[in-house]
């Protein structure tokens, strides 16, 4: 074998690679992101199988939802970001309209009056729509303004965020309201809002928090705060979840108890072991190394998301991709930190691992947006 | 809008955005590091602690109660066995809201206020945390399924199978075998530390009778098991187990068939029958009537059932008539006779001319012949000791008792168990009263009057004895003085049980052992001496026993007695349910042993019968003793007396347990 052969072979490899690139681009898929998502879904189904006590139907249903999600993701990724950008205000307005509708004819479930039960449609939560439409409209709004945003623009940005978040709080779904607000705030942060304003905001939040705690916070919210600081103040009531989940995590040790051997979860000591607290099941059965693997998979997806934001060709796409990725991180971190006792309990699922319905679809829509941004209107091999 | 686009510095904005992305990457990394540090803290640093907590969550050590030993009669028939029931139990620590749970349960199954009150009492007792506490015993199949279907709503509630005591003979053994019932706080407090551990899984304890006496043998040793329980307290897996050691099964001397026969023989009467095997002291039958169903007590008797039992002042079913004292009446006469012979106050030739009454020297008051009080005029005429016994001549014994004095009577008769509890394993038996001058001074603060002796001489006045004592005393005469203390226990787990006798009771020695024969002969005449031309010369029980059964194949020695009823409460007298005169009737008594005067066979059974308000010892109590004796000798032992009687007389007299020589 000589040098020429080597060069020829290498260029030939390049040719295959670019052809593959072309195929992926044609179907508007981002292979690394897709691989990360599929790995996470597989891992999630695997854990769910154990967490649900080997309930095949639960796992099948989740797999179907995930398949549906992937389909939705590909549908979304077919749209050019420009088209999406044009529709952003409309989607936002429609989302707000649905929220108002919920106020009028919403259905209550799990203490939150956030469900809409329209004839001919499966019941869904309009607040899910806002998880997408708020970052969309924020990116739409700020991308066409000079950055860093001026005070006037910040004011309107705040309006765009607070209006839906407020409506969702009225529905008694604080967790979702926070997530919706955060997805908008991430856009502002990425748009280069001055750090002093950020610190001022954090500082004033800290200052306001005692007042919130004393005057606004509801009893269960106060309880969660108190429980966070001392779970053992009510070990069989408010503190039960976090105590049991910490026991599950801690007793998993480095290597875990093995798949299907998690005593805490299989003996029903972990509440919500299929949904919000599924990390405790993972940590118990696969130990510290299992959680590290999950973090690694998440990191892979997150870095790819940030990379897509970094490569995006216009500010709208950048802001949107960045916000979507950071919101995903926020979900991941808040859930993991809550289950391990790092932050107070907030009812949020672990993305792609927890059992769920519409929330998973929302997640896949945002992945579709990322893929759309990555695969439209860019140079090959960018 | 285009104007604004021109204002934008795309390169600067891009740099700004990229800076923010970099910040985001750093922050994400930092947050994940914080998360990983927290995980390291939980999963590696505190692994041991949480591992132990996890085991503590799921692993529970629980008691495994031992199976209670069974109780058999002498022929192997079950007197007490264990049967499975299903109980509803609650682990309080796992119940979210106890009141809500109880209210919900009340909609599913029958749950009375009383059940709940009982449950609360059980909860208040010292108990291990996470121990299950019975809420209701004996769930029906229907109730079981209704609870099972709703188990997801009933955290901490479980259905637990349990073996509980069952008494197949029901009321027949209610007093003698006794019953177990739920252990109460007092009983728990009395247990030693070790015992309390041993009773950790036990809900029941022997309350009365043999169940109580042999609690230690019957209970066994508690076992343990380590189980894995889920969040709702359901046992998922058994991980380790130390088996309990079942209680020992015991065999009683009692014979269920004889017990049945005695109960049947008592018929409608209230009363008691005690039968003893003289050679061993084994109690063959011990019946108090009316009885009650001891099974009611096992799973907690309801207030209603209980009040029925305790408010019946006439029948007093809970009252054990076999071990409670009554005036023994004329049944004491053979013992007084023996005392007179032994102490030289009478001999075989001694007679009195009985006018039908007795008068203390210098006292005008006449003690009438109690047995003749309904017969106008006359006494028994010329009367020796034997006639005084078979005719039950009061006057003879007034005279004899008066001459001996109460302390001589007391000293002699106490050897037969009067005034004491000779029973080895019936600690709850009362001692009755065998009066003496000292006894009256210390208990009544009064001196002993000569008239007291007269009353005592015919088993009245201060003299009180239990049917158990009378049967024991009769068995000592049957044994010619050899004392075999009465006992219930025959063997333990098939091993003959030699009772550890702490206080050996000395045998009764007479100056001349022939006195035993003489008294046995007199007592045999009570039953067998027929009517003759002689004035008042028949046995008092002849008409009711030997005359009824003319083909009687063995001889029975007996003595009848009737005792005046004392101390009927005004409450009972004013009761409308019962004819007052019935309650004023004398108590009928009879003691016997058989076969008597048999050259081939020592007496096999001694019986004491007490019939409350039975009026006559000879005609009412006597046939009951006969029926019990018949059952035992002819049906159970199946002794063929006709063949036996046709055997040539032995060259040596039959070896009786004790004739002259002490075995010490």
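The values are calculated or read from the model by the stated rules, or taken from the named source; none is laboratory data. Nothing here was measured: the structure is a model prediction, and the numbers come from that model. Ideal geometry is used to build each Cβ from the backbone, glycine not excepted, and the neighbour counts take in all protein chains shown.
A few remarks follow.
- Of all residues in segment A:183-201, those satisfying the criterion of being away from chain B (no Cβ under 13 Å) and touching a helix residue (DSSP H, G or I) at 6+ places or on another chain (Cβ under 7 Å) are A:183, A:184.
- Qualifying residue in segment A:312-320 (condition: within 14 Å of chain B (Cβ to nearest Cβ), under 15 Å from the mean Cα position of the chain (by Cα) and crowded, with 22+ Cβ neighbours inside 10 Å): yes
- Just one of the listed residues (A:289, A:348) is in contact (Cβ under 8 Å) with a residue 40 or more places away in the chain and over 17 Å from residue A:31 (Cα atoms), namely A:348.
- Filtering A:302, A:306, A:267 for residues that are in contact with a strand residue (DSSP E or B) (Cβ under 7 Å, 6 or more places away or on another chain) and within 8 Å of another protein chain (Cβ to nearest Cβ) leaves a single hit, A:267.
- Of A:265, A:245, A:273, all but one fail to be over 21 Å from residue A:333 (Cα atoms) and either assigned to a helix (DSSP H, G or I) or in contact (Cβ under 8 Å) with a residue 40 or more places away in the chain (or both); the exception is A:265.
- Qualifying residue in segment B:394-410 (condition: under 33 Å from the mean Cα position of the chain (by Cα) and either assigned to a helix (DSSP H, G or I) or more than 30 Å from residue B:537 (Cβ to Cβ) (or both)): yes
- Pairing each residue of segment B:113-135 that is closer than 17 Å to residue B:162 by Cβ and not assigned by TED's automatic domain parsing to the domain that holds residue B:198 with any residue that is modelled with pLDDT of 85 or more and in a helix (DSSP H, G or I), provided the two are 6+ apart or on different chains, yields no C-beta distance under 7 Å.
- Subset of segment B:17-26 [more than 7 Å from chain A (Cβ to nearest Cβ) and surrounded by 13 or more Cβ atoms within 10 Å (Cβ to Cβ)]: B:23
- Filter pass, residue B:504 being outside any helix (DSSP H, G or I) and within 30 Å of residue B:212 (Cα to Cα): yes
- Residue identified as surrounded by 20 or more Cβ atoms within 10 Å (Cβ to Cβ) and modelled with pLDDT of 85 or more among B:53, B:14, B:68: B:68
- Flag for residue A:127 being closer than 27 Å to residue A:323 by Cα, modelled with pLDDT under 90 and assigned to a helix (DSSP H, G or I): yes
- Evaluation of residue B:64 against the conditions (1) at the interface with chain A (Cβ under 7 Å from one of its Cβ atoms); (2) touching a strand residue (DSSP E or B) at 6+ places or on another chain (Cβ under 9 Å) shows that the sole unmet condition is (1).
- Positions within segment A:249-264 being surrounded by 24 or more Cβ atoms within 10 Å (Cβ to Cβ) and either closer than 22 Å to residue A:223 by Cα or more than 7 Å from chain B (Cβ to nearest Cβ) (or both), in sequence order: A:262
- Residue, modelled with the lowest pLDDT, within segment A:334-358, restricted to residues that are surrounded by fewer than 19 Cβ atoms within 10 Å (Cβ to Cβ) and in a helix (DSSP H, G or I): A:358
- Residues of segment B:615-643 classified as closer than 19 Å to residue B:590 by Cβ and not in a helix (DSSP H, G or I), total: 2
- Note on segment A:276-292: residues that are modelled with pLDDT of 90 or more and in a loop (DSSP other than H, G, I, E, B) total 1.
- Yes/no for residue B:157 being under 21 Å from residue B:62 (Cα atoms), assigned by TED's automatic domain parsing to the domain that holds residue B:199 and surrounded by 13 or more Cβ atoms within 10 Å (Cβ to Cβ): yes
- Check on residue B:104, touching a helix residue (DSSP H, G or I) at 6+ places or on another chain (Cβ under 7 Å), farther than 30 Å from residue B:282 by Cα, away from chain A (no Cβ under 14 Å) and surrounded by fewer than 19 Cβ atoms within 10 Å (Cβ to Cβ): yes
- Sole residue being surrounded by fewer than 17 Cβ atoms within 10 Å (Cβ to Cβ), within 30 Å of residue B:425 (Cα to Cα) and touching a strand residue (DSSP E or B) at 6+ places or on another chain (Cβ under 8 Å), chosen from B:486, B:496, B:506: B:496
- The single condition among (1) within 12 Å of chain B (Cβ to nearest Cβ); (2) without any contact (Cβ under 8 Å) to a residue 12 or more places away in the chain that residue A:233 does not satisfy is (1).
- Candidates B:90, B:164, B:149, filtered to the one that is over 30 Å from the mean Cα position of the chain (by Cα) and either surrounded by 15 or more Cβ atoms within 10 Å (Cβ to Cβ) or at pLDDT below 85 (or both): B:90
- Where helices (runs of 4 or more DSSP H) fall entirely within segment B:234-312, those with at least 1 residues that are modelled with pLDDT under 90 and surrounded by 21 or more Cβ atoms within 10 Å (Cβ to Cβ) are at B:295-298.
- Matching residues in segment B:198-224 - criterion: being part of a helix (DSSP H, G or I) and either surrounded by 14 or more Cβ atoms within 10 Å (Cβ to Cβ) or not assigned by TED's automatic domain parsing to the domain that holds residue B:163 (or both): B:198, B:209, B:210, B:211, B:212, B:213, B:215, B:217, B:218, B:219
- Some residue of segment B:56-73 being over 30 Å from residue A:251 (Cα atoms) and outside the structural domain of residue B:176 (by TED's automatic domain parsing): no
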